[in-house]
Amino acid sequence: MTPANPKLKNRIGESLSGASIIWESLVREGVEVCFGYPGGAIMPAYDAMIQYPVHHVLTRHEQGASHMADGYARASGQVGVCIATSGPGATNLVTGIATAMLDSIPIVCITGQVPSQLIGSDAFQETDITGCTIPVTKHNYLVTQPEQVAPTIREAFYIARSGRPGPVLVDITKDAQQQSCVFEWSDDEIVLPGYRPDYAPLAEQLEEAVELIQNAKRPILFAGHGVMKSQGTGALLEFINKTNIPVACTLLGLGGFPASHPRSLGMMGMHGETWVNKAIQDSDLIIAVGMRFDDRVTGNLKTYAPNAKKIHIELDPAEINKNVRVDVPIVGDARAVLQELLPHVDKCDREDWLAYIDEIKGGSSVRDIKNLPDLGKLYAAHVIHDLYRHTEGKALIVTDVGQHQMWEAQYYKHDYPMKLLTSGGLGTMGFALPAGIGAKFAKPEDSVWIICGDGGFQMTQAELSTCAQEGIKVNVAIINNGFLGMVRQWQEFFFGGRYVATPLLSPDFVKIAEAHGLTGIRVEKRSEVEAAVRKAEETEGTVVIDFRVEQEDSVYPMVPAGANLHDMIQRPDQPGEHEHNPIFETGEDD
Amino acid sequence: MSQSVQRTFAVFVEDKPGVLNRVASLFRRRSFNIDSLNVGATHEPGVSRMTIVCEADEDKARRIEANLYKMVNVLWVDDLTYKQSISRVLALIKVNCERIQRDEILKICDVFRARAIDMSPERVTIEITGPQDKVDGLVSVLRPFGILEMVQTGTVAMTRGVEEHDLAHPTVPASRSTAA
């Protein structure tokens, strides 16, 4: 990928400053956009930037920069880059770095550091950012000499994108940026003696897996984030078309298997569909692909899928037997493993099992609310569903964290991979707006819809200003219920209805948008949803829609934290309560 | 679930700044409790060797191993727990010792193959190397004399015979528990 960029002069062998070498290296790694915020210790790098074909997006807070790099990486599959100064600039990145770490997102963070002779003296804006970020990065580096800059950045990109991806931080002292050295760049394969990202599965384990699959009467396959990370969606589809095994997705796995496929069950876990969790509990074989049995997925481990044998296909050996004891671990790339298994498994119908799943599906609920009466109230589910219909499921959706995130996962059907970006592992409120901006830079042709709550939006609302300055178009749908909704829901269910610190007074979001020179729309009725969505799509520039939804609606069904997966709280469906809960779930609509 | 036992890992790492911090941070972050940790140079330039002792059952031991391998600076991990191996600690023990007690204390040292390395009219300093239980034995015998001060290293350990470490990862991760 080296001199591929025609805009880059070949300066190998010339004496360059460390600051210039940063950009030489980034451009050679394919970087076209980076997100950042300048400051004292990174100023030499910013000064050198103007010579290079990299578009810099000035954020309003460094947390925004790391989320944007993350959103860029999620949407493009490439490495995202953010840049910040030492001290507070670097520590402000940390939330975004931890978010990327838990969701295995490849980003490279460049931070300035005080001059090397001042390290350890509590100098102005000095923070031990490599020390701070050891637990939340895949790896990190402190660079104190210009000669180290190019090889370190090369290694950083290699580590970030290879194996199970993750964030890598490169902290570069100011003197290393200012001093010069002869610029050298190697295209040789990187050899790190202690780093082996490419595990290959054992033949014996593959054989055992095939035997379990052939003999299973009630199998279920879990599609996690790893399916898309390994570009294995095609392989999975082929595998399922042959084996007819029903597929359940994790939150980050949504889109890895088409939601409209007849074997698709939907999302599993805490707010998963009732029939999915029930099918898991009744299964005799789980084939988990590229997922890590998070506690939000399993519920109580002691009662989890008690009769199921478990095959765990996972790239990271440290995930094996971490939460759930498995019978056949297969350590390897999800796509490669599925392709290896495919020729050895037979076509199989398992009609009883599929009929049983259809039965529990029909018996509980179907999430099609389009035929339900409009009682003049606006529910988040309406908004998401209408958005889904209008965008034909093709929008690039970025969600924040909380109730709206779960409603999105339930009501927006994801048929296409990498069209849902959400902070799953860390659950970072404030993620959506900056990540959506990053995603827009990665996919300028896509219609980007940022869905967030009134709470999360306000955490990083300042980035609207970045949208305005960059002149980019994203659509922001604020699901505004006047509460920190998910916490309120837990207070209602588990804390005696005491709403402590959850009622939320928000500014007028329409005026906030207008104050940025952007368009704001308020929607209070379901009948206005579609027009607002259409107007947003047609309007040039970023649009903020303030959807004033029912204040005390809850996400159903729900497995309380740590409870058995089959013990789900259902939406109250008592006679006479329909008026109170107009989104009651019924099997009749399908 | 297998039983939790005291385990000894030999961990070969790159000799780079901050590696000890990374390894210690991993154990803290994953709630793997370290009983002792020792780091030192090896005969190969650029390679340090750690000996880490901690409580873990079989599953946890495999996860410790896998997590260590995830670190870029970790070259090789060897679980010595069930291998024929030698493990040693070194302790220095300063004991109250009146003139008339000297013979008795020196005889005790003989029994434990410990050495008196410093002596003053009222005290003696003893050096002992050996497995932890031998050191503990000596300490319990010396306690009645009055121990004034004591220091000991963490365990260092290696296998008997020759173990071929080519300092490259094993091709197959040790992800399979034998205690199913």
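The numbers here are math on the coordinates, done by the rules we state, and not lab data. Owing to the predicted nature of the structure, the values given are computational and were not obtained by experimental measurement. Methodologically, a virtual Cβ is constructed for each residue, glycine included, from the backbone with ideal geometry; neighbour enumeration extends over all protein chains shown.
Looking at segment A:436-491, the GluC sites (Glu not before Pro) that sit in a DSSP loop and have at most 12 other Cβ atoms within 10 Å of their own Cβ are A:Glu445. Rg/Rh for segment B:5-83 stands at 0.93; both radii use Cα atoms, and Rh follows the Kirkwood definition. Both numbers refer to the Cα atoms of segment B:1-147; Rg and Dmax are 19.2, 58 Å.
3J(HN,Hα) couplings calculated from phi for segment B:107-122 with the Karplus curve 6.51 cos²θ - 1.76 cosθ + 1.60 (θ = phi - 60°) are, in sequence order, 5, 4, 4, 4, 4, 8, 6, 9, 10, 7, 10, 7, 9, 9, x, 10 Hz; Gly and Pro show x. The helix-only estimate of mean residue ellipticity at 222 nm for chain B, built from DSSP H runs of length n ≥ 4 each weighted as -39500 (n - 2.57), is -7500 deg cm²/dmol after division by the residue total.
Peptide B:62-70 is shielded by partner chain Cβ atoms: per residue, an average of 5 of them sit within 10 Å of its Cβ.
Give me the net charge of A:Gln63's neighbourhood, meaning all other residues with Cβ under 11 Å from the Cβ of A:Gln63; Lys, Arg count +1, Asp, Glu -1. Every neighbour counted, the sum reads -2.
The loop-placed trypsin sites (Lys or Arg not before Pro) in segment A:493-564, going by DSSP, that have at most 11 neighbouring Cβ atoms within 10 Å of their Cβ come out as A:Arg498.
Per residue of A:316-325, other chain Cβ atoms within 10 Å of the residue Cβ number 6 on average. Ellipsoid fit via the Cα gyration tensor, segment A:203-363: semi-axes of 20, 18, 16 Å, each the root of five times an eigenvalue, largest first. For segment A:380-556, the C-alpha radius of gyration sits at 0.96 times the compact-globule guess of 2.2 N^0.38 Å, with N the residue count. When its C-alpha radius of gyration is set against 2.2 N^0.38 Å (N residues), segment B:86-156 gives a value of 1.03. Taking Cα atoms only, the orientation of helix A:146-161 departs from the longest principal axis of chain A by about 10 degrees. Ellipsoid semi-axes for segment A:164-295, based on the Cα gyration tensor and the rule √(5λ), read 41, 19, 13 Å when sorted largest first.
Within 11 Å, Cβ to Cβ, of A:Ile134, how many net charges do the neighbouring residues add up to if Lys/Arg are +1 and Asp/Glu are -1? Local net charge: +3.
For A:Ile545, the residues 5 or more places off, or on other chains, whose built amide H falls under 5 Å of its own are A:Val476, A:Ala477, A:Ile478, A:Ile521. State the Cα centre-to-centre distance between segment A:165-189 and segment A:52-126 in whole Å. Cα centroid of segment A:165-189 versus Cα centroid of segment A:52-126: 15 Å apart. Projecting the alpha carbon convex hull of segment A:15-182 along each direction and taking the average yields 8.2 nm².
Between amide H atoms placed 1.01 Å from N, distances below 5 Å from B:Trp76 occur with B:Phe12, all of them 5 or more places distant or on a separate chain. Express the Stokes-Einstein translational diffusion coefficient of segment A:272-319 in µm² s⁻¹, to the nearest whole number, given a Kirkwood radius over alpha-carbon pairs, 37 °C and a viscosity of 0.692 mPa s. So the translational diffusion coefficient is about 287 µm²/s. 3J(HN,Hα) along segment A:252-260: 6, x, 4, x, x, 9, x, 4, 8 Hz, from the Karplus curve 6.51 cos²θ - 1.76 cosθ + 1.60 with θ = phi - 60°, whole Hz, x for Gly and Pro. Over all projection directions, the Cα-based convex hull of segment A:99-204 averages an area of 8.6 nm². Computed from phi, the 3J(HN,Hα) profile of segment A:334-340 under the Karplus parametrisation 6.51, -1.76, 1.60 (θ = phi - 60°) reads 4, 5, 4, 5, 4, 5, 5 Hz, with x in place of Gly and Pro.
Shown here: the protein assembly as shown, whose C-alpha atoms stretch 100, 66, 56 Å along the first, second and third principal axes, sorted largest to smallest.
Note on segment A:337-478: Rg/Rh from Cα positions, Kirkwood definition for Rh, rounded to two decimals, is 1.08.
Quick one: net charge of A:Ala41's neighbours, Cβ under 11 Å, K/R +1, D/E -1?
Here the count lands on -2.
Straight Cα distances below 24 angstrom link A:Lys377 to the lysines A:Lys413, A:Lys511, A:Lys525, A:Lys535, with same-chain residues fewer than 8 positions distant left out.
Contact order for chain B, expressed relative to its length and based on alpha carbon pairs under 8 Å spaced 6+ residues apart, stands at 28 percent.
With a 10 Å cut-off around each Cβ of A:191-201, the average count of Cβ atoms from other chains is 5. Among the listed pairs A:Lys242/A:Lys419; B:Lys16/B:Lys70; A:Lys7/A:Lys440; A:Lys310/A:Lys347, those with a Cα-Cα distance over 18 Å are A:Lys242/A:Lys419; A:Lys7/A:Lys440; A:Lys310/A:Lys347. Entry note, segment A:85-199: relative contact order of 33 percent, from Cα contacts under 8 Å with a spacing of 6+ residues.
Among the trypsin sites (Lys or Arg not before Pro) in segment A:179-272, those placed in a DSSP loop whose Cβ has at most 13 other Cβ atoms within 10 Å are A:Lys217.
Semi-axes of the equivalent ellipsoid of segment A:169-236 are 46, 16, 11 Å, computed as sqrt(5λ) over the eigenvalues of the C-alpha gyration tensor in descending order. Considering only B:Gly137, A:Ser230, A:Gln113, the residue lying farthest towards the positive end of the dipole of the protein assembly as shown is B:Gly137, judged by Cα position with unit charges set on Cβ. Across all Cα atoms of segment A:1-83, the radius of gyration (one decimal) and Dmax (whole number) stand at 13.0, 37 Å.
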